[in-house]
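One structure is given here, and the rest of the page talks about it.
The values are calculated or read from the model by the stated rules, or taken from the named source; none is laboratory data. Every value quoted in this text rests on a predicted model; they were computed, and no experiment measured them. Note that we place each Cβ from the backbone using ideal geometry, even for glycine, and neighbour counts take in every protein chain shown. In case anyone asks, the SASA skips ligands and DNA or RNA and just uses the protein heavy atoms, side chains included. Shrake-Rupley method; radii C 1.70, N 1.55, O 1.52, S 1.80 Å.
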Amino acid sequence: MTRPNILWICTDQQRSDSLGCYGNPIVRTPNIDAIAKQGVRFNRHITPMQICSPSRATMATGLYPRNHQLITNGMALPESVPTLMTMLTQGGYRTHGVGKQHLQPILAPAELNMPDSRAFWDKAESKQWTGPYYGYQTLDLMLGESDTAHLAGHYANWLKQHHPDAVDLLKPESARQAPPQDLDEIWRSAMPVECHYNSWISDQSANFIESQASQDDPFFLFVSYPDPHHPFDPPAEYADRYNPATIPLPEIGDNEMQERPPYCDKLFPHGEGFRKLYWMANEGAEAGSMISTEAVSDESMKTAIAYTYGMIEMIDDGVGRILDTLKRGGFANNTIVIFTTDHGEYLGDHGLLHKGPASYRQLTEVSMLMSGPGIGSGLEVNSLTSHIDFMPTLLEMTDTLAENTSLDGLSLTPLLSGAKQSIRDYAFGEYHPTVRTDLYNQSVYTNQWRYTIYPELPQWGELFDLKNDPSERYNLIFKPGVEPIKRELGEILAREFPPQPGVENKVLCKW
């Protein structure tokens, strides 16, 4: 039996409804949509934690954050936790990662010697470093978000060596038009497309695939784009592809602002100078930098969405180049292709921007597409799946042994072939706060309901009827007649996923 290659493409902070294959009528994503057309689209795929590092560690380990112990940004994944990459490498796969990994804090001190930290790249040993890293044999690493991508990592070194005049072009100060005062993370990047980190990630990924043409071992390639995470700053060429004036504003339900969690206006100071506050090493700011959009003009909100679409179209163009390289190399028929993201983005829904403790569907329910050998074509899965399922699925599909390894997830293979319609009746998630411990919350998801409790705030909670209120605009938690539903779902949480707000891991820095 020929073991399949794996091409896993991951974006950062992308809503599932920002893809054409999930029904978006505006954004152009033909290459990503082709994965759905050729394979399976998952419509109820859950990330168990809506913050970058914990979610990414779950994808890499098949464990809930409480079990892999990276529960918030600013922590590192313990080296003792087995990863998919380690098992595939031990099983004979050639493993390589390109782009953002974020399994360690970006602000970790130099003495910890963490390649995901900026401080590591000031050390002499970083000059020739290409791995290993959590089971990857080699990496082409990019650190941080867009306007800091030039500071450290392989992309930063490449930019300084090959395009030294472009090093500062990611900054808003280089843009022709200054960001708006009400949201100073919106600008048309002056970075040329050919020098941009998204192009570099696509090129490095294609180069790796080409390098495998003469190799006998199967490969695992994880391609990680840092967009469309804020700031909203695509290269000017892509920013201009969507007219903000034609972008519809997010809809907000009657009384929705009054019924959203009461902490929503209090977690992150909003006003002029958001970026300065965001990048300050302020340990008092909750992860996700969730802000209210009440002070953001309609024009700025529409521009943020339009520029998000521009970033996504740029990613789609890169995905097209990678898939074309796969075909030219003769790998297409024997490669499992995955597309997903770590978590979503409020993007104006519920009057919120970015991400945070409020576990709305726009954050926790993300895109997931799979195609390749043994996978049905044009299928849709409407039952609950989760990031915890990636590792058991890929271990099974690659016939890779995982001795003495206990995983939280389930294999998706019965869904991929259409043999089954569902593998679970409910899924779980939890938010681990960085500052306010009372914001720890747990969610249980069923086919119809999302029920969220705050163990330290029993006077608060959320209950949404997803069949009748798919956008989660009407919180039913305090409405009459819902006690039996709350009791049933609460018992499931207490029995299957009891509160566990802390772990034996150390917060090293803000992120």
Bounding extents of the stretch 375-464 in its principal axis frame from Cα atoms, largest first in Å, are 46, 32, 17
Which FRET efficiency value, to the nearest 0.05, do you get for K486 and A245 by plugging their Cβ-Cβ distance into 1/(1 + (r/R0)^6) with R0 = 45 Å?
-> 0.55
Points 7 angstrom from Cα along the Cβ direction at L107 and T2: gap in nanometres?
-> 4.9
Cα extents of the chain along the three principal axes, largest first, in whole Å?
-> 66, 54, 47
Euclidean distance of C-alpha centroids, the stretch 377-432 and the stretch 34-111, integer Å | 15
Counting Lys and Arg as +1 and Asp and Glu as -1 over every other residue whose Cβ sits under 13 Å from the Cβ of P470, the net charge comes to -2
So what's the net charge close to Y93: Lys and Arg +1, Asp and Glu -1, counting the other residues with Cβ under 15 Å from its Cβ?
-> -2
Kindly identify the stretch 1-79 as rounded, prolate or oblate by the Cα gyration tensor criterion: order the square roots of the eigenvalues as a ≥ b ≥ c, call it rounded if a/c is under 1.5, otherwise compare a/b with b/c, prolate if a/b is larger, else oblate.
-> oblate
Roughly what would the spin-label model give for K506 and Q90, points 7 Å off Cα along C-beta, in nm?
-> 2.6
Computed, not fitted: 222 nm per-residue ellipticity of the chain from DSSP H runs ≥ 4 (each -39500 (n - 2.57)), nearest 500, equal to -7000 deg cm²/dmol
Gain in span if fully extended, A494 to L401, counting 0.36 nm per residue against the direct Cα distance = 30.2 nm
Using modelled amide H (1.01 Å from N, peptide plane; none on Pro or chain starts), what sits under 5 Å from the amide H of I6, excluding residues fewer than 5 places away?
-> F219, F220, L221, I336
The stretch 1-41, accessible area per residue, ligands and nucleic acids excluded (1.4 Å, Å²) = 36
Those residues of the stretch 25-50 whose amide nitrogen sits under 12 Å from the label point placed on R321, 7 Å along Cα→Cβ = none
A correct Kirkwood calculation over the Cα atoms of the stretch 60-140 returns a hydrodynamic radius in Å of 13.4
When the accessible area of the chain is split by element with a 1.4 Å probe, what percent falls to carbon and sulfur?
-> 48
